[in-house]
1. Given labels modelled 7 Å from the Cα in the Cβ direction, how far is it in nm from ILE63 to ARG85?
2. Multiplying the sequence separation of ALA96 and ARG52 by 0.36 nm and subtracting their Cα-Cα distance, what value in nm do you get?
Amino acid sequence: MTYLAGLAQTAQGTQRPADPGQPARPSPAAGRRKHVIRTLLIAWLVRWPLDRRFWHAVVLLGIALGAARASARDNQARVVAWDTRQRQRQMKALAARASRAARRA
């Protein structure tokens, strides 16, 4: 196996070991990239709650959730009122049917 063929088989971001029986070691540059990316991500997460737009979004989310909750309550009240009217209609229909049956008998 030639040197270039051996390079083609090693993974990107790794260093070829001196001994062919050992696994490839990660390159120091790959470790630095991971550290920089991790640091940037943590800095963004820490800074995010300090941003005015974040709190604006939180307020809008709170308003939307409150509106959804109020809508659900109104819907529930509407369903209860509809159910009550349906029972009244059913009772009137049963009473009318019973009175017609009593007249016939």
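1. Distance between label points: 3.3 nm.
2. 9.3 nm
Quick note: the coordinates plus some simple rules give every number you see, no bench work behind them. Predicted model, so just to flag it, every value in this text is computed and none were measured. Every residue, glycine as well, gets a Cβ built from its backbone with ideal geometry; the counts of neighbours run over all protein chains shown.
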